[in-house]
Amino acid sequence: MAPLVPLVSGPRTRLFACLLRLGTPPAGSLQLHIGAQCPEKSYYEVLVLGGGSGGITMAARMKRKVGAENVAIVEPSERHYYQPIWTLVGAGAKQLSSSSRPMASVIPSGVEWIRSRVVGLNPDKNSILTDNGMEISYKYLIIALGIQLHYEKIKGLPEGFDHPKIGSNYSVTTVEKTWQALQDFKEGNAIFTFPNTPVKCAGAPQKIMYLSEAYFRKTGKRSKANIIFNTSLGAIFGVKKYADALLEIIKERDLTVNYKQNLIEVRADKQEAVFENLDKPGETQVISYEMLHVTPPMGPPDVIKTSPVADAAGWVDVDKETLQHKRYPNVFGIGDCTSLPTSKTAAAVAAQSGILDRTISLIMKNQLPVKKYDGYTSCPLVTGYNRVILAEFDYNAQPLETFPFNQGKERLSMYIMKADFMPLLYWNMMLRGYWGGPAFLRKLFHLGMS
Ligand code: FAD
Ligand code: UQ1
């Protein structure tokens, strides 16, 4: 383990080079909140990689701990996205504009926003590299780079999205195409896919199927639609209680589920999808579609995969209880980019943020981390325009329900929570570092029994 000392000469030289490359900015333009491509400093006590759900949440918490001037976030995107609402955008129940805000507005005030892409991690030197040639060093590093989408691993994509009848709720550029395809639907197969990789929000690929079915019913097209869920997995959901409830709905609504079917090609000009049978290598099936919803293959961000912080599969190799890196004690991970063996969701990020806050506080005081993450995650399974089954579970795939009623049932109250209450909680509490998940509510509702 390298000593925790800031770099001095190298980064300063590079900071100068960065300023030269970009030209002299107008006075004051390197201010926080506009975001700076050349950071004000080359060393931060806490450096956060990624300004998504985990990055902003942790920066807000770290600001309270060490002061805003000692925290920086490296993030190239101009906008911050609340991705969970894309399920409803794809179904026409919410506007895409409601899902994002300027990045500047969610960076905690006083925290520096370094508007660059991370291209290298060097944990042995306590530094990272950015795409504009900056080397930034840190005392503590929090990695929150999310999961990478790989539409290009499906032959015919992403260019196939230029054709009609195809959409994907997983990307800001394709989510409205789902809603368009739904409205354009006339007669034929509506196909929904689940790839042969880990994904974020494992329920989302099927939520849009239930919403589409409800839309077809509402618009009198249901009898003309053959609805098919082709999944690479061998089960509908990883937690038995919710899987049983979903299989009931699937039967009731006459939906077809084919297991171990992996989308490998889209011939968008002919409206054909090609699937490989994962149980019979080499066997493929071509299905014509009138509507196709693609959940892309996903994987760890390239920059992590090729760095020393990765595990064998490419994820940030953290302890599953403390979120501290297994080999670099001043490095931590949160969210979709980590090796944590739980379902990758914003709800999980919320719960992880409380644990990580506590872990880092103790490490900063040279004490051992004590608080243990139980793998809490949640997936509001939207099963219609006013119905949600609220799945909540832990590392052991055991239900860990917040409310004092059976969450395995479809409920209007849980739909309202997902569609209207969650966004408020996210923007106003979680991103400000005040929401560490519903464990306290669970204890309250269950009178301290769980
Ligand atoms: P993200 O929020 O994705 O943030 C990663 C950030 O890293 C991004 O801002 C990105 O620009 C930045 N970044 C990437 N590469 C670099 C780089 N090289 N350098 C610098 N920055 C970089 N969760 C729920 O809890 N409930 C739901 O109902 C739900 N539904 C979902 C539905 C859909 C369709 C989708 C797509 C997601 C859903 N999720 C849901 C999942 C949730 O959005 C993610 O799990 C959550 O956003 C993960 O947070 P994160 O910080 O790990 O990653
Ligand atoms: C949650 O905490 C969270 O993060 C803000 C979500 O992401 C959008 C969720 O979808 C859910 C369900 C939770 C859990 C919160 C409660 C009140 C059960």
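The values are calculated or read from the model by the stated rules, or taken from the named source; none is laboratory data. In this text, all values refer to a predicted model and were calculated from it rather than measured experimentally. Using ideal geometry, Cβ is built from the backbone for each residue, glycine included, and neighbour counts are taken over all protein chains shown. Protein only, heavy atoms only, side chains kept; ligands, DNA and RNA dropped before computing areas. Shrake-Rupley method; radii C 1.70, N 1.55, O 1.52, S 1.80 Å.
Worth a mention:
- Residues PHE445, PHE216, sorted by accessible area with the largest first, give PHE445, PHE216 [1.4 Å probe; ligands and nucleic acids excluded].
- P(r) of region 140-291 over all Cα-Cα pairs, binned every 5 Å from zero, in whole percent: 2, 8, 18, 22, 21, 16, 8, 3, 1, 1, 0, 0
- Prolate/oblate/rounded label for region 366-425 (Cα gyration tensor, a/c 1.5): prolate
- Total charge dipole magnitude, the chain, about the Cα centre, Cβ charges on Lys, Arg, Asp, Glu only, Debye to nearest 20: 880
- Accessible area of region 357-450 belonging to carbon and sulfur atoms, whole % at 1.4 Å probe: 60
- Per residue Cα convex hull volume in Å³ - calculated over the chain: 145
- When you filter the GluC sites (Glu not before Pro) in region 64-130 for DSSP loop state and at most 14 other Cβ atoms inside 10 Å of their Cβ, you are left with GLU78.
- With the alpha-carbon atoms of region 257-385 aligned to their principal axes, the span from lowest to highest coordinate is 62, 39, 26 Å, starting with the largest.
- The translational diffusion coefficient of region 194-266, from Stokes-Einstein at 25 °C and 0.890 mPa s with a Kirkwood hydrodynamic radius over alpha carbon pairs, comes to 188 µm²/s.
- Using alpha-carbon coordinates, inclination of helix 9-22 to the longest axis of the chain, degrees: 60
- Between 0 and 90°, nearest 10: helix 204-218 axis offset from the chain longest Cα axis: 40
- Residues in the chain average 41 Å² of solvent-accessible surface per residue, probe 1.4 Å, ligands and nucleic acids excluded.
- The protection proxy used here, the mean number of other Cβ atoms lying within 10 Å of each residue, ranks peptides 330-341, 245-256 as follows, highest first: 330-341, 245-256.
- Per-residue surface analysis assigns LYS65 an accessible area of about 80 Å², computed on protein heavy atoms at 1.4 Å probe radius.
- Here the Debye sum runs over all C-alpha atoms of region 218-310 as equal scatterers in vacuum, and log10 of I(q)/I(0) at q = 0.23 Å⁻¹ comes out as -1.22.
- Rule-of-thumb Rg ratio for region 301-450 [Cα; 2.2 N^0.38 Å; N residues]: 1.12
- Calculated mean residue ellipticity, 222 nm, the chain: -7500 deg cm²/dmol, from DSSP H runs (n ≥ 4) at -39500 (n - 2.57) each, averaged per residue and rounded to 500.
- Region 49-106 - Rg and Dmax from Cα coordinates, angstrom: 13.6, 43
- Lysine pair count for region 122-188 with Cα-Cα distance under 25 Å and sequence separation of 8 or more or different chains is 8.
- Diagonalising the gyration tensor over the Cα atoms of region 107-206 and scaling each eigenvalue by 5 before taking the square root yields semi-axes of 38, 15, 14 Å, largest first.
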